Amino acid sequence: MALDSKTPKGPLKDKWTSYKNNIDLVNPANKRNIDVIVVGTGLAGGSAAATLAELGYNVKAFAYQDSPRRAHSIAAQGGINAAKNYQGDGDSSYRLFYDTVKGGDYRSREANVHRLAEVSANIIDQCVAQGVPFARDYGGMLDNRSFGGVLVSRTFYAKGQTGQQLLLGAYSAMNRQIARGKIEMFNRHEMLDVVKVDGKARGIIARNLITGEIERHSAHAVVIATGGYGNVYFLSTNAMGSNATAAWKIHKKGAHFANPCYTQIHPTCIPRSGDYQSKLTLMSESLRNDGRIWVPKSMDDVMAIREGRKSPTELTENERDYYLERRYPAFGNLVPRDVASRAAKERCDAGYGVNKTGEAVYLDFKSAIDRYGKEQAKLKGINNPSEDKTYELGQAIVEAKYGNLFQMYNKIVDEDPYKTPMMIYPATHYTMGGVWVDYNLMTTVDGLYCIGEANFSDHGANRLGASALMQGLADGYFVLPYTIGDYLSKDIRTGKIPTDTKEFDEAEKEVTERINFFVNNNGSKSVDYFHKKLGKIMWEKVGMARNEKGLKEAMAEIKAVREDFWKEVKVPGTADEMNPELEKAGRVADFLELGELFAKDALNRNESCGGHFREESVELDGLQKGEAKRDDVNYAYVAAWEYKGEPADAVLHKEQLEFNDIELKQRSYK
Amino acid sequence: MNLTLKIWRQKDANDKGQMVDYNVTDISEHMSFLEMMDVLNEQLINTGDEPVAFDHDCREGICGMCSMYINGEAHGPDRNVTTCQLHMRMFKDGDTITIEPFRATAFPVIKDLVVDRTSFERIQQAGGFISVNTSGNTQDGNAIPIPKKDADDAMDAATCIGCGACVASCKNSSAMLFVGAKVSQYALLPQGRVEATERVQNMVAQMDLEGFGNCTNTGACEIECPKGISLENIARMNTEFMKASLKG
């Protein structure tokens, strides 16, 4: 079956407008008779639930946390992009579209990205109207900052807590609808399967995480907004509960899963400190605007630092290797995330890592503090300031810009980053791959939609900073409410979907059997034991750099871990109570399948693009020697996988990507 | 380091509950408090006991899910951090650490250290929003200039993560810092002024209905708040409430 993206015809810039003008609508009286389920209440799910309820649909929303406000969108720090051109620096919808497609290494669908750029400006207006306290300048106007990889200043922010404030905005819109009874909110509930009737998604099976009760919920359409699958690595910047279960369950029921190998490894995270580590903490990419990244040039210095005989501040400029500035003189420390991450790995693999685990590089603010200090001294009319005075003045500026991040680093690492350089190392952060959707954001199952990070469509092989929040809210506020209406307009005569049917019986039986298996298995190893094993394989063989041999090994090893899991997993407690270990067991079981498909996809894609780096596909000579080599002739397609039982048996469907409005170029940062 | 933990165990909402002693060994000072709890739970699973249930999610101090009362303080002895950011270097070898759930009538225990904070949800639903549709057909974001100071103050109030530490720290189990922060965020912004009267009245009424107590101006909430939300927000809410009452 060929994949049909259902992209509207016509010029790129008119597609979305003419699409909206020509779709079928549901009249207000009929909306009252239509139910929609939204699973996940982060930026995408929360904004979709609120908007659909406002339009008049009956919405049932589900979150595994005790409140929609706690979804992991809340952790995004830096900001949200929008083509407002408030700075008059030449920004436009087209430029935002162009930057996003280029940043994604030409592996995203043009029409979707253009639509995203078109609606971006409206997101800011909407959020301001909701009371989101964006940063303002002294004239009372909205402030902007710039972000990696682009030439304009289009990022709106609310201190270092933009994700939190945007989510609280969507959450307040939800609250208004919950109060009206238009959203029925199910907190502490987890979706465990989707129910299909006559090929259409008509409901879900969910578990009440407090009582353990298995519940049936029906609707005319189901929207999945459950975020990414970064926790397949065990250690990531995702929340502990972030999981792929909803996405994976719908995959098993017929939704194709696209480009699982596209994962973003973020360069500026706090390094791991020991085996007990439960998660990794990200520090905003904005730090690279002022920090310089380096490792020592000589192995002797590396050893001396690791053993505590030497402090990094004792090394002279000549003894330091500012490897990003050396390798990429044009962009220096501001190369895109994937490039910065791979370069750190390259140095650490060569043995130059600066902490005990050998997996850390320095991010140094000394130069920035000096530079700002001198500037301030001049501004304040201080002639020949002492070194201490310059430092004091400069530190104040750095503190104003990054104070909360420095404090967070200090709390976690117990070192003062104003005095000694920060240590950083890349960590899994975001997954560009996800459930395949068409232009309507519908999966390959009728009536089943997927939005936000959980789908694959907008970021290609690499996501630009401050674009995740934009996509989540665009999908939820402005795109899905139109596209889903077109589908639901054919459902106005259907009436309420009953839950006492054989389809619900079967889905519930499957879910119950699996839960009973876990609590009765009495194996010998905890869920975390298996999750850590999977994470180690993923990180070592399907991490920042991948090759054929490693990927084949990874597929076999993951399969072996999965088989062992189903024999030996131990889940204490019972099914009919709050049981966090039982929740984890179900999620890890799904990761153990997803991980193998991930490796299979990486094996299939024998090119390097964006976050996916194949060691076999590098430039062999010239200026770009050793850099990633994309293969547009053979791989300019979306790899959408159809479930066929074992992950290794998944069948590949290709959606060929066409670029009519943009020229494919090599990304060069030299 | 080696530690003795005294932890509140309670099977479900109907169980009476009790403190139970546990020992953990070889705890690194670099661990977060919750990683120490992970070590304990792994140990309990391996010996066939039931692990301790506790709320947690982002583990970077922003989701507001974690909620332990450690040695008599919400989120433990460190300042301006949540439990997930509390590190074991705050303790020393041989310490005994008491760990309880957040306690308040309006926060009933669900299991062990997990409490039900949906009373906060209902307060927000009573008025913690601006009644604007999400159609995108609003005016331009720059149409109303907002003085930087107001925007910054609104932001400071809006940083509340809704964890409930203020309630757990208050001898009256008052939620006024939480409600005050939300009322303040909207009171400081022109967009929120339109509904200011109903908002403060409805939110305060719901707060009382949920069984939260009144403010005594002790200020423990401000000290224990992981985000440093200021008592000024309570004063602002009281002013708003007075103004609303006079309007009738």
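Observations, loosely collected:
- Mean shadow area of the range A:382-512 over all directions, Cα convex hull, nm²: 15.2 nm²
- Working note: Cα atoms of the range B:117-247, range along each principal axis, descending, whole Å: 45, 29, 27.
- Modelled spin-label separation between B:Lys148 and B:Asp93, with each label point placed 7 Å from Cα along the Cα-to-Cβ direction: 5.2 nm.
- Residues with amide H under 5 Å from that of A:Asp446, placed H, sequence gap 5 or more: A:Ala201
- According to the Kirkwood relation over distinct C-alpha pairs, the hydrodynamic radius of the range A:180-240 is 13.7 Å.
- A:Asp388 paired with A:Asp198, simple spin-label distance in nm, labels 7 Å along Cα-to-beta-carbon: 8.3 nm
- The range B:3-111 - charge dipole about Cα centre, Lys and Arg +1 at Cβ, Asp and Glu -1, debye rounded to 20: 380 debye
- With the highest mean first, a sort of the peptides A:52-61, A:657-666, A:535-544 on other beta-carbon atoms found within 10 angstrom per residue produces A:52-61, A:535-544, A:657-666.
- Using the Stokes-Einstein relation with a Kirkwood hydrodynamic radius computed over Cα pairs, the translational diffusion coefficient of the protein assembly as shown at 37 °C and a viscosity of 0.692 mPa s comes to 117 µm²/s.
- Relative contact order for chain A, counting Cα pairs under 8 Å that sit 6 or more residues apart, in percent: 20 percent
- The angle separating the long axis of helix A:527-541 from the principal Cα axis of greatest extent in chain A is about 60 degrees.
- Near A:Val223, once Lys and Arg are set to +1 and Asp and Glu to -1 for all other residues with Cβ below 11 Å from its Cβ, the sum equals 0.
- For chain A, the longest principal axis of the alpha carbon atoms and the long axis of helix A:110-129 meet at an angle near 80°.
- Peptides B:60-69, A:182-191 ranked from most to least packed, by the mean per-residue count of other Cβ atoms within 10 Å: B:60-69, A:182-191.
- Spherically averaged projected area in nm², based on the convex hull that wraps the Cα atoms of the range A:44-172: 9.1 nm²
- Radius ratio Rg over Rh of the range B:3-111, counting only Cα atoms, Kirkwood formula for Rh: 0.94
- Average other protein chain Cβ within 10 Å of Cβ, residues B:116-129: 5
- Cα-based helix-to-principal-axis angle, A:387-413 vs chain A, degrees rounded to 10: 30 degrees
- Take the Cβ atoms of A:Asn604 and A:Gln666, set R0 to 30 Å, and the FRET efficiency comes out at 0.85.
- Other protein chain Cβ atoms within 10 Å, averaged over every residue that makes up A:580-593: 1
- Backbone HN-Hα couplings from phi across the range A:580-587 [Karplus 6.51/-1.76/1.60, Hz, Gly and Pro as x]: x, 5, 5, 4, 4, 4, x, 5
- Helix-only arithmetic for the protein assembly as shown: the sum of -39500 (n - 2.57) across DSSP H runs with n ≥ 4, divided by the residue total, places the mean residue ellipticity at 222 nm at -11500 deg cm²/dmol.
- Zone of B:Asn71's modelled label, taken as backbone nitrogen in the range B:6-22 under 14 Å from a point 7 Å along Cα→Cβ: B:6
- Percentage relative contact order, the range A:510-637, counting C-alpha pairs under 8 Å, at least six apart: 28 percent
- Computed over neighbours whose Cβ is under 9 Å from that of B:Asp15, the net charge equals +3, Lys and Arg +1, Asp and Glu -1.
- For chain B, a Gaussian network of Cα nodes joined below 10 Å ranks B:Gly136, B:Gly127, B:Gly164 by mean-square fluctuation, and the top entry is B:Gly136.
- Its alpha carbons considered, the range A:1-66 gives a radius of gyration followed by a Dmax of 15.6, 45 Å.
- Highest-first packing order for the peptide set A:639-651, B:16-28 is A:639-651, B:16-28, based on the mean count of other beta carbon atoms within 10 Å.
- Label zone at B:Asp12, where the point sits 7 Å out along the Cα-to-Cβ direction: the range A:179-217 residues whose backbone N lies under 15 Å: A:208-214
- For the range A:510-637, the fraction of alpha-carbon pairs in successive 5 Å shells from zero, as %: 2, 11, 18, 17, 13, 11, 9, 7, 6, 4, 2, 1, 0
- Couplings 3J(HN,Hα) of the range B:223-231, computed from phi: 5, 8, 5, x, 10, x, 5, 7, 4 Hz, in residue order, whole Hz [Karplus 6.51 cos²θ - 1.76 cosθ + 1.60, θ = phi - 60°; x for Gly and Pro].
- Across all Cα atoms of the range A:428-581, the radius of gyration (one decimal) and Dmax (whole number) stand at 20.5, 55 Å.
- Per residue of A:256-268, other chain Cβ atoms within 10 Å of the residue Cβ number 0 on average.
- The range A:579-630 - Debye-derived log10 I(q)/I(0), Cα point model, q = 0.18, 0.19, 0.22, 0.28 Å⁻¹: -0.65, -0.68, -0.78, -0.97
- Once the mean of 1/r is taken over each pair of separate Cα atoms and inverted, the range A:269-428 shows a Kirkwood hydrodynamic radius of 16.4 Å.
- Each label point was placed 7 Å from the Cα along the Cα-to-Cβ direction; for A:Ala304 and A:Lys490 their separation is 7.3 nm.
- Shown is the FRET efficiency for A:Asp446 and A:Glu346, computed with R0 = 41 Å from the Cβ-Cβ distance and rounded to the nearest 0.05: 0.30.
- Using a Förster distance of 56 Å, the FRET efficiency for A:Asn318-A:Glu553 (Cβ separation, nearest 0.05): 0.85
- Listed by chain and number, the lysines whose alpha-carbon sits under 21 Å from that of B:Lys148, ignoring those within fewer than 8 places in the same chain, are A:Lys84, A:Lys159, A:Lys401, B:Lys182, B:Lys227.
- Rounded to the nearest 20 debye, dipole of chain A from Cβ charges on Lys, Arg, Asp, Glu: 800 debye
- Our estimate of slack between A:Thr357 and A:Asn516, defined as 0.36 nm per intervening residue step minus the Cα-Cα distance, is 53.2 nm.
- Inter-part distance, the range A:234-268 to the range A:192-212, computed on C-alpha centroids, equals 20 Å.
- For chain B, modelled as a GNM whose springs connect Cα atoms under 10 angstrom apart, the maximal fluctuation among B:Ser174, B:Ser135, B:Ser119 occurs at B:Ser135.
- Lysines with Cα under 21 Å of B:Lys16, excluding same-chain neighbours fewer than 8 positions away: B:Lys6, B:Lys111
- As computed over chain B, the Cα convex hull volume per residue (Å³): 149 Å³
- Once you reduce the range A:31-86 and the range A:435-490 to the center of their Cα atoms, the two points are 12 Å from each other.
Throughout, read-outs are computed from the coordinates displayed, never taken from laboratory work. All values derive from a computational prediction rather than experimental measurement. Note that we place each Cβ from the backbone using ideal geometry, even for glycine, and neighbour counts take in every protein chain shown.
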